[in-house]
1. Where the second residue is open to solvent by less than 50 Å² (accessible area, probe 1.4 Å) and not in a helix (DSSP H, G or I) and the first is in contact (Cβ under 8 Å) with a residue 60 or more places away in the chain and lies in segment 244-266, which pairs have Cβ atoms under 6 Å and are six or more apart or on separate chains?
2. In this structure, is N322 in a helix (DSSP H, G or I), modelled with pLDDT under 75 and touching an Asp or Glu at 6+ places or on another chain (Cβ under 8 Å)?
3. Out of curiosity, is N437 among the polar types (S, T, N, Q), in contact (Cβ under 8 Å) with a residue 12 or more places away in the chain and closer than 19 Å to Q249 by Cα?
4. Being open to solvent by 50 Å² or more (accessible area, probe 1.4 Å), among the hydrophobic types (A, V, I, L, M, F, W, C) and over 30 Å from S80 (Cβ atoms) is the filter here; which residues of segment 38-68 pass it?
5. Would you please list the contacts, defined by Cβ atoms under 8 Å and residues six or more apart or on different chains, that run from a residue in segment 140-162 that is under 11 Å from K197 (Cα atoms) to a residue that is not in a helix (DSSP H, G or I)?
6. Looking at segment 213-235, which of the residues that are among the basic types (K, R) and open to solvent by 20 Å² or more (accessible area, probe 1.4 Å) is farthest from A335 (Cα to Cα)?
7. Given the options L210, L204, L157, name the one that is over 24 Å from R462 (Cα atoms) and open to solvent by less than 60 Å² (accessible area, probe 1.4 Å).
8. What are the residues in segment 386-412 that are at negative phi and either open to solvent by 60 Å² or more (accessible area, probe 1.4 Å) or outside any helix (DSSP H, G or I) (or both), if any?
Amino acid sequence: MKFMRQSFKALGYMALSLSVLVVITLVAIAAANWTDDPPSDIARQTLQDLVPTDAMLITNGYLIIVGLTAPVDSGDPVSSAEALGRQYVANIIEARDKARKDPQNFDAIEASATYNEKSEVPIFTFRCPRRSHDGCFSETQTHKDQVHTLLQTHSPLLVRYKAAANAPQFISLPYDFFNPLPSYPQLISVHALLLAKAALQWPLSPSEALDTMEITSKLRARMGKSANSLLEAMVVLEMQSAELRWISQAMERTRASSPTSARIRQLILQPGPDLHSALRGEQQFIAGMLPFMSKKWEHNTWRANRYRDLSGFVSLPIATMNASLENLAQIQAMAHLHANALEAAFNRHNKVLADRYRCDLPIRLRNPVGTCMVAMNAAHYQSYFQRIHDMDGYRRLVMLQHLAMAESVRAQDMEAWLQASPAELRNPYTLQSMRWNAATHSLVFEGKEPQRQNLEGSATYRIALPQAAP
């Protein structure tokens with residue numbers, strides 16, 4: 001009996017000690033998370049950039065893209081697109097003002113940020129084949145009557161595309177919770193339809209085909225330069241990929257004259273999307289959520305309010321936002337690094353990230369869930385960088401195709417010719433020359449990220465040169 005009493009007594013002491021430890025831990029967590037952080041300097045500066053400026057509303061090609069699907073029942077299709085874009089901007093300014101005053105009034109906010117129009121231009125989907133050897137050219141010739149019908153039916157969209165490309169300025173709207181996104185699927189379809197139009201023109205008049213391609217490429221490059229999100233950057237990247245495939249296939253079919261060759265070279269030189277601008281937009285999106293973080297939400301049920309209170313002890317929204325913006329600023333600083341320096345830079349960044357925002361034990365007392373979320377969300381950014389550099393590698397490969405055909409480089413001389421290629425035409429990751437596969441008579445570039453256009457969706461880009469070339 002004495003042994004049993006001592007055992008129960010020991011168990012009681014252990015339970016009491018454990019309870020005290022739990023209470024101390026909970027008190028420590030509550031004390032560490034009692035108040036949230038104020039917005040950081042980066043957050044405050046980013047918030048100032050969210051309001052559309054007057055310059056964005058005057059002769060801005062981006063407004064035409066935002067209003068790409070505006071109704072065209074009467075009048076000028078460009079004016080109607082710009083009007084819809086301006087209406088979007090007016091609505092989002094009103095919605096942001098309501099969010100600042102009453103962030104829980106979602107119905108009013110949504111009504112302000114939504115522009116409903118019953119009549120729109122006909123929506124269509126059109127793509128050139130990604131992996132077909134002849135791509136747009138053979139497919140367009142096979143279905144040229146259908147392509148001509150699409151060109152006539154959707155001529156207002158083509159007019160708007162050209163107007164946006166030639167607008168006096170092109171400034172993307174700030175990217176946040178309220179701002180409208182262009183109809184990217186429709187934009188990609190219009191872009192593909194223009195490529196098909198150029199493919200029909202190429203056998204008859206390469207000059208006219210290049211006129212079409214220059215307009216097509218000009219808008220894509222303008223969007224890339226001012227890309228306001230990673231989503232928009234990836235849309236631009238897909239458009240660039242389609243243009244490079246078109247150029248490569250056009251050169252395979254017709255040996256260009258000197259004036260045509262110079263214009264093709266300029267098309268190849270058009271840059272891809274600007275990651276620095278896209279990451280700035282991602283910062284704007286995160287900072288734009290501040291009105292919803294700054295006030296304490298009141299729910300309809302006691303349980304929901306208690307859950308809100310408890311979650312505040314492990315996740316501080318503004319502290320999490322500050323950490324996310326700081327992390328994005330560090331990643332943004334790597335946007336202009338050369339591809340060969342990228343992996344080492346991300347390895348250093350990820351090591352710092354793991355130390356500062358770890359998810360494993362021992363967990364930190366302050367904002368443990370929020371800091372873990374920052375670490376989890378940061379892991380995928382390297383992939384975006386590599387996609388951009390992969391496309392630049394493909395662009396270099398197309399330029400090598402252009403030069404090899406212009407110089408009539410023989411297959412037996414190709415290895416030596418590639419070894420002598422300048423730095424701007426080498427593999428951007430290794431700085432070595434691009435590879436030559438004699439068996440398939442093709443130029444080869446090994447990228448980092450899988451790409452749908454490649455064989456089996458791999459990261460390997462190949463361009464076959466004409467077998468008959470001397």
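1. Taking only residues 6 or more apart or on different chains, the pairs are S248/I463; A250/W202; I264/A256.
2. Details: in a helix (DSSP H, G or I): yes; modelled with pLDDT under 75: no; touching an Asp or Glu at 6+ places or on another chain (Cβ under 8 Å): yes.
Against the criterion (in a helix (DSSP H, G or I), modelled with pLDDT under 75 and touching an Asp or Glu at 6+ places or on another chain (Cβ under 8 Å)), N322 does not qualify.
3. Working: among the polar types (S, T, N, Q): yes; in contact (Cβ under 8 Å) with a residue 12 or more places away in the chain: yes; closer than 19 Å to Q249 by Cα: yes.
It is true that N437 is among the polar types (S, T, N, Q), in contact (Cβ under 8 Å) with a residue 12 or more places away in the chain and closer than 19 Å to Q249 by Cα.
4. I42, L47
5. Note: pairs meeting the criteria are T140/C128; L150/F124; L150/F126.
6. Here is the first cut: in segment 213-235, the residues among the basic types (K, R) are 218, 220, 222, 225.
With open to solvent by 20 Å² or more (accessible area, probe 1.4 Å) added as a condition, the list becomes 218, 222, 225.
Numbers: K218: 22, R222: 18, K225: 13 Å.
Selected residue: K218.
7. Of L210, L204, L157, the one residue that is over 24 Å from R462 (Cα atoms) and open to solvent by less than 60 Å² (accessible area, probe 1.4 Å) is L157.
8. Pass one, segment 386-412, residues at negative phi: 386-407, 409-412.
R387, A406, E407, V409, R410, Q412 - these are the residues of segment 386-412 that are at negative phi and either open to solvent by 60 Å² or more (accessible area, probe 1.4 Å) or outside any helix (DSSP H, G or I) (or both).
The values are calculated or read from the model by the stated rules, or taken from the named source; none is laboratory data. As the structure is a prediction and not an experimental result, all values here were calculated from the model. All Cβ positions, even for glycine, are placed from backbone atoms using ideal geometry, and neighbour counts span all protein chains on display. The area values use the complete protein model at the heavy-atom level, side chains included, leaving out ligands, DNA and RNA. Shrake-Rupley method; radii C 1.70, N 1.55, O 1.52, S 1.80 Å.
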